[in-house]
Amino acid sequence: MTAWAEDFRKLFPHARVDEPMSRHTTFHIGGPADALVAVHDEAQLARLYVFARRHALPVMLLGRGSNLLVLDRGIRGVVVRLKGDFERIEFPGGTLVRAGAGARLPQLAMDCAERGLTGVETLVGVPGTVGGGLVMNAGTREGEIGAVVRRVRIFEPELGKGAWIGGGALRFSYRKSNLENRVVLAGELELKAGVKGDILARVRELQGRRSQTRPIHTFNVGSVFKNPPGRFVAQLIQEAGLKGLRRGGAKVSDLHANFIENDQGATAADVLGLVETLREAVRSRFNVELELEVKVVGEA
Ligand SMILES: Cc1cc2nc3c(=O)[nH]c(=O)nc-3n(C[C@H](O)[C@H](O)[C@H](O)COP(=O)(O)OP(=O)(O)OC[C@H]3O[C@@H](n4cnc5c(N)ncnc54)[C@H](O)[C@@H]3O)c2cc1C
């Protein structure tokens, strides 16, 4: 146990110390975080940042861990999950929706559909949180969350509270945003009014299509690599004959070649080994450099 952990637990009695991150990522991979804590409102988050600053601890925000490869020696410092107030989805009027960073994207898609609001149906198949979704500019070929964002609430550690930023201060591109090193507390989206029955039907259609084309019941993190301009990674990997390729407990999915599955107690090192093999094969066969979509964090 680290020297500061005792004091930390006095401040946050429900915090977990030396918590295996494999319990908190959809890959089910990852060494221990020094501490993992859920915070429920901005005041608690402010107290956490005061403690972290006093002890010079890094702080990392965690959503559902659905885009994370946590390395085998784990994460130093404090990992934070946003719960309570941060899980609310509110409809302040008109076509606006305000969603806390801890709310789930599929829930957001369903709630908006139920209210006859269109624009986020495609997020029904993205198993992350609003916070992780904003940071990653989550989406599909049907659209990305960034396209409907009006404002984002950011925590300002120096002020000890959140502030809304919008307009020109926000930048979103393919699986990327300028929110990466910020603490996202909520997003305000501007949707469009539609016909509830049509929107719900679309959500169901998208859900059904994904369950046939993606391995949604295995331990994975979705697409491992970003699609290079004009190409589909899954096709390149498939054409290189690498579907089903294995490294330790990690395997290239038989269903979707841009997914790696942890089907036999894989380590992060197994996954990274497989990643390098895929990169090398695609580079030598197609002269294409693959960029990771999954975020790699922690100590090797
Ligand atoms: C089966 C499956 C299918 C998927 N399909 C898609 C898809 O179609 N489209 C797509 O875009 N993605 C897809 N993903 C990937 C993933 O769900 C998205 O990237 C999602 O947005 C990640 O959200 P998260 O809450 O899990 O973030 P995490 O994985 O927990 O974190 C991702 C990054 O965001 C940071 N972060 C998280 N929350 C906050 C916050 N509140 N403030 C600041 N930083 C934060 C983390 O530190 C990390 O750097 C899929 C994943 C799986 C497992």
(request) Go through V97, V148 and list them by solvent-accessible area, largest first, probe radius 1.4 Å. (result) V148, V97
(request) Compute the Cα gyration tensor for region 5-82, then decide on rounded, prolate or oblate, letting a ≥ b ≥ c be the square roots of its eigenvalues: rounded whenever a/c is under 1.5, prolate when a/b is larger than b/c in the other cases, and oblate in all that remain. (result) prolate
(request) Please list the non-local residues whose amide H lies under 5 Å from the amide H of V221, H modeled 1.01 Å from N, same-chain partners needing a gap of 5 or more. (result) I260
(request) Pop out the ³J(HN,Hα) list for region 77-85 in order, Karplus 6.51 cos²θ - 1.76 cosθ + 1.60 with θ = phi - 60°, rounded to Hz; leave Gly and Pro as x. (result) x, 10, 9, 10, 10, 9, 10, x, 3
(request) Taking only Cα atoms and a 10 Å spring cutoff, compute GNM fluctuations for the chain and point out the largest among T277, T213, T95. (result) T213
(request) With a ≥ b ≥ c taken as the square roots of the eigenvalues of the C-alpha gyration tensor of the chain, please select rounded if a/c is under 1.5 and otherwise prolate if a/b is larger than b/c or oblate if it is not? (result) oblate
(request) May I ask for the equivalent-ellipsoid semi-axes of region 244-284, computed as the square root of five times each C-alpha gyration tensor eigenvalue and listed largest first in whole Å? (result) 16, 12, 6
(message) Taking 18 Å as the cut-off for C-alpha to C-alpha distance, list the pairs among K83/K192; K83/K161; K176/K295 that go past it.
(response) K83/K192
(request) Within region 264-300, report the GluC sites (Glu not before Pro) that DSSP leaves as loop and that have at most 10 other Cβ atoms within 10 Å. (result) E289
(request) Give, rounded to the nearest 20 debye, the magnitude of the charge dipole that region 46-160 has about its Cα centre when Lys and Arg contribute +1 at Cβ and Asp and Glu contribute -1 at Cβ. (result) 480 debye
(message) Between P127, P92, P157, where does the largest GNM mean-square fluctuation fall for the chain, given springs only between Cα atoms within less than 10 Å?
(response) P92
(request) Set Lys and Arg Cβ to +1 and Asp and Glu Cβ to -1, take the dipole of the chain about its Cα centre, and tell me which of A38, V120, G100 lies farthest positive. (result) V120
(request) May I ask you to list the trypsin sites (Lys or Arg not before Pro) in region 1-81 that are in a DSSP loop and have at most 16 other Cβ atoms within 10 Å of their Cβ? (result) R73
(message) Quick check: residue separation of R283 and S173 times 0.36 nm, minus the Cα distance between them. What number comes out in nm?
(response) 37.2 nm
(message) Net charge within 11 Å of E291 by Cβ-Cβ distance, Lys/Arg positive one each and Asp/Glu negative one each, not counting E291 itself?
(response) +2
(request) Only helices at least 20 Å long along their axis, Cα-based, and averaging -1.0 or more on Kyte-Doolittle count here, so list those DSSP H runs from the chain. (result) 268-286
(message) Projecting each Cα onto the charge dipole of region 233-297 (Lys/Arg +1, Asp/Glu -1 at the beta carbon, about the Cα centre), which of I237, S253, A281 comes out farthest on the positive side?
(response) A281
(request) Considering only G131, G230, G74, give the residue with the highest GNM mean-square fluctuation for the chain, with springs between Cα atoms whenever their separation is below 10 Å. (result) G230
(request) For the chain, give the percent of accessible area contributed by carbon and sulfur heavy atoms, probe 1.4 Å, rounded to a whole number. (result) 49 percent
(request) With only Lys, Arg, Asp and Glu charged, each at its Cβ (+1 for the first two, -1 for the last two), find how big the charge dipole of the chain is about the Cα centre; round to the nearest 20 debye. (result) 260 debye
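Over region 1-128, what is the percentage of antiparallel beta bridges among all DSSP beta bridges, to the nearest 5?
40 percent
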(request) May I ask for the net charge around I216, where only other residues with Cβ less than 13 Å from the Cβ of I216 are counted and Lys, Arg are +1 while Asp, Glu are -1? (result) +2
(request) Using only protein heavy atoms and a 1.4 Å probe, report how much of K192 is accessible, in Å² to the nearest 10. (result) 140 Å²
(request) On a C-alpha basis, how far is the centre of region 170-219 from the centre of region 52-98 in Å? Whole number, if you could? (result) 18 Å
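Counting other C-beta atoms within 10 Å, and keeping those with at most 16, which DSSP coil chymotrypsin sites (Phe, Trp or Tyr not before Pro) do you find in region 157-237? List each step's numbers first, then the result.
Values: sites: W164, F172, Y174, F219, F225, F232; in loops: Y174, F219, F232.
Those that pass, being in a loop and sparsely packed, are Y174, F232.
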(request) Amide H neighbours of L185 under 5 Å, at least 5 residues apart or on other chains, H built in the peptide plane: list them. (result) R153, I154, F155
(request) Would you grab the residues whose amide H sits under 5 Å from the one on G128? Only those 5+ places off in sequence or on another chain, please, with H modelled 1.01 Å from N. (result) L105
(request) With a ≥ b ≥ c taken as the square roots of the eigenvalues of the C-alpha gyration tensor of region 179-245, please select rounded if a/c is under 1.5 and otherwise prolate if a/b is larger than b/c or oblate if it is not? (result) oblate
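The values are calculated or read from the model by the stated rules, or taken from the named source; none is laboratory data. Keep in mind that this is a model prediction, so the values were computed, not measured. For neighbour counting, all protein chains shown are included, and Cβ atoms are generated from backbone atoms with ideal geometry for every residue, glycine included. Just so you know, the surface numbers come from the protein's heavy atoms only, side chains and all, with ligands and any DNA or RNA stripped out. Shrake-Rupley method; radii C 1.70, N 1.55, O 1.52, S 1.80 Å.
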